[in-house]
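The values are calculated or read from the model by the stated rules, or taken from the named source; none is laboratory data. Fair warning: this is a prediction, and the values are worked out from it, not measured in the lab. Backbone-built Cβ (ideal geometry, glycine too); neighbour counts: all protein chains shown. Ligands, DNA and RNA are stripped out before the accessible areas are found, and what is left, the full protein with its side chains, is counted by its heavy atoms. Shrake-Rupley method; radii C 1.70, N 1.55, O 1.52, S 1.80 Å.
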Amino acid sequence: MTAESFAPKSDFIRVLQERGYIHQASDLAGIDALAAEGGLTTYTGYDCTAASLHVGHLLSIMMLHWLQQTGGRPVVLMGGGTTRVGDPSGRDETRKILTLEQIEANKEGIKKTFSRFLSFGEGGGEAVMVDNAEWLTKLNYIEMLRDIGRHFSVNRMMSMDSVRLRLERDQELSFLEFNYMILQSYDFVELNRRFGTRLQMGGSDQWGNIVNGIDLGRRMGTPQLYGLTCPLLTTASGAKMGKTAAGAVWLDAGMLSAYDYWQFWRNTEDADVARFLKLFTLLPLSEIDRLAALQGAEINEAKAILATEATRLMHGAEAAEQAAETARKTFVEGTLAASLPSVAVPRSVLEAGLGVLTAFGPEHAKLVPSTSEARRQIKGGGLRVNDVQVSDEKAVLGLSDLTAEGVIKLSFGRKKHVLLRPE
RNA sequence: GGGGGAAUGUCCCGAGCGGCAAAGGGGGCGGACUGUAAAUCCGCUGCGUAAGCUUCGUAGGUUCGAGUCCUACUUCCCCCA
């Protein structure tokens, strides 16, 4: 039975299906039946490999959001324990081993994101957050081998994608990583015992780990467990979502400003707009259908709405409106928006004269990583001061370059702008 | 434990008779065209506002000169046990 032809009884599965979240499910009818009964407890795990989650994680967070909206109970599992091991899934090489301090710091950073999407608390439908370090770090090796390890067949583990691909390519797979799937499987069983969790959701690269958890549950006597994955997100032209030149598209405002986040969504390819509206906004499908019908340049309206709605979810309405307004002034009116990112520079420096190379470089605007890069970009016509292309790398900025607003606008390419503010 | 091979421009892959800031490709960035899109074309892709400086796993050595030759070490891969 394919996801497309299935007629769901539960609101939860209906929404996921309509909006395109479902990639694979262990037993869609079974999950649907459970969800229809109400109170379906579902978990998704997040490893603490960075100080913030990025857009790649957003799909699964949205699924948890819809779960809660449709009467289910989300369990957010922080991988404080599993991160110490490192998931080999979808990885060509061993992950860097993180220190316990790093993992703890990352965990604290990641936690903040979830409160935007889920409502946490003690009640029946309230979301819960737990850390698998709580039980994984207490495992005793021999006991673990006897109670859990005996249910795993090495023959079968070797056939799992996460292991097989490494072996086929002659890439190292340490015994440490080899154990990851056992720990994740055990998490599922443990969460069933603690919270009655019946369903695990995750990205499509987690399928193997999830299926193993279902099997382990059967062998260890849990009720029937289920798995559901969402597609790995790529853009229509095939690039991985969420990686830009500047790095990952972080969800945490401290690592990526609301304005940059808005810009990320605004720059969506035409072919992705409808799909992303369904996945990353809460707009009703009827509205999305209307926006998706827009053609040519009009589709930009849909992109702006996508950006504002997605930013509203992540950073709040105020930040989203402000980002939209800043973008409108900058790109549509071509005027100078006071809310563009700005960098303070001592007035005395401007009085003495500030070389353009330095102004754009890492010391001030940070638009380019080095002054050598600034020099190259000037040759290529990529740098502008107050919207005038810089042609001379020896040019010097001074107080006379201040605009009526009392700032100097530096631009790198068409899209990246920074205001220098004297102080 | 024995034998063989490999480490190249801090994104990846990858060429490199002793004169090399080092071929080529991917990716990325910029420009043009557009609609803050895609596709296409062009340019750039070590640091330095200059003279110049620092790169080819690490440390020594040979040489006027070393990514290239020699020695040791480190890491990885393959074959045998």
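For chain A, the residue among A:Gly125, A:Gly202, A:Pro341 whose Cα projects farthest onto the positive side of the dipole built from Cβ charges is A:Gly202.
This model, with +1 at the C-beta of Lys and Arg and -1 at the C-beta of Asp and Glu, gives segment A:306-354 a dipole about its Cα centre of some 100 debye. Per residue, the accessible area of chain A comes to 46 Å² when a 1.4 Å probe rolls over the protein heavy atoms. Between helix A:207-220 and chain A there is an angle of about 30 degrees, using the helix long axis and the longest principal axis of the Cα atoms. Taking every alpha-carbon pair under 8 Å whose residues sit at least 6 apart, segment A:268-379 reaches a relative contact order of 13 percent.
Amide H contacts under 5 Å for A:Gly355: A:Leu397, restricted to partners 5 or more places along the chain or on a different chain, H placed in the peptide plane at 1.01 Å from N. Secondary-structure-derived ellipticity at 222 nm for chain A, considering helices only, amounts to -12500 deg cm²/dmol, per-run term -39500 (n - 2.57) for DSSP H runs with n ≥ 4.
How much net charge surrounds A:Leu118 when only other residues with a Cβ under 15 Å from its Cβ are counted (Lys, Arg +1; Asp, Glu -1)? My count for the surroundings of A:Leu118 gives +2. Under the shape rule built on the C-alpha gyration tensor, where the axes satisfy a ≥ b ≥ c, segment A:174-320 is prolate, since a/c reaches at least 1.5 and a/b is greater than b/c. Rounded to the nearest 20 debye, the dipole magnitude of chain A is 380 debye, with +1 charges on Lys and Arg beta carbons, -1 on Asp and Glu beta carbons, and the Cα centre as origin. What do you get for the angle between helix A:317-327 and the principal long axis of chain A? Use alpha-carbon atoms, 0 to 90 degrees, nearest ten. Taking Cα atoms only, the helix is inclined about 40 degrees.
Between A:Val418, A:Leu145, A:Pro362, the Cα set farthest toward the positive side of the dipole of chain A (charges on each charged residue's Cβ, about the Cα centre) is that of A:Leu145. Would segment A:1-154 count as rounded, prolate or oblate if I go by the C-alpha gyration tensor, calling it rounded below 1.5 in a/c and otherwise prolate when a/b exceeds b/c, oblate otherwise? Verdict is prolate for segment A:1-154. The magnitude of the dipole of segment A:1-145, with charges of +1 and -1 set on the Cβ of Lys/Arg and Asp/Glu and taken from the Cα centre, is near 280 debye. Taking a Cβ cut-off of under 10 Å around A:Ser411, the surrounding Lys, Arg, Asp and Glu residues balance to a net charge of +4, with basic ones at +1 and acidic ones at -1. If you sort the three axes of the alpha carbon gyration tensor as a ≥ b ≥ c, you get a/c of 1.5 or more for segment A:97-213 and a/b above b/c, which makes it prolate. Under the criterion of Cα pairs below 8 Å and six or more residues apart, the relative contact order for chain A equals 14 percent. In a solvent-free Debye calculation with one equal scatterer on each Cα, what is log10 I(q)/I(0) for chain A at q = 0.07, 0.10, 0.12 Å⁻¹, listed in the order of the q values? So the normalised log intensities work out to -0.42, -0.79, -1.03. Over segment A:336-423, what is the percentage of antiparallel beta bridges among all DSSP beta bridges, to the nearest 5? The antiparallel fraction comes to roughly 75 percent. Phi angles across segment A:271-277 convert, under the Karplus curve 6.51 cos²θ - 1.76 cosθ + 1.60 with θ = phi - 60°, into 3J(HN,Hα) values of 5, 9, 4, 5, 4, 5, 4 Hz, Gly and Pro given as x. Each residue of segment A:389-397 was assigned a 3J(HN,Hα) from its phi angle through the Karplus curve 6.51 cos²θ - 1.76 cosθ + 1.60 (θ = phi - 60°); the sequence is 4, 7, 10, 10, 5, 8, 4, 10, 8 Hz, with glycine and proline shown as x. Ordering of A:262-272, A:140-150 by packing is A:262-272, A:140-150, highest average first (other Cβ atoms within 10 Å, averaged per residue). Helix A:180-195 and the long axis of chain A differ in direction by around 70°, with both axes built from C-alpha atoms.
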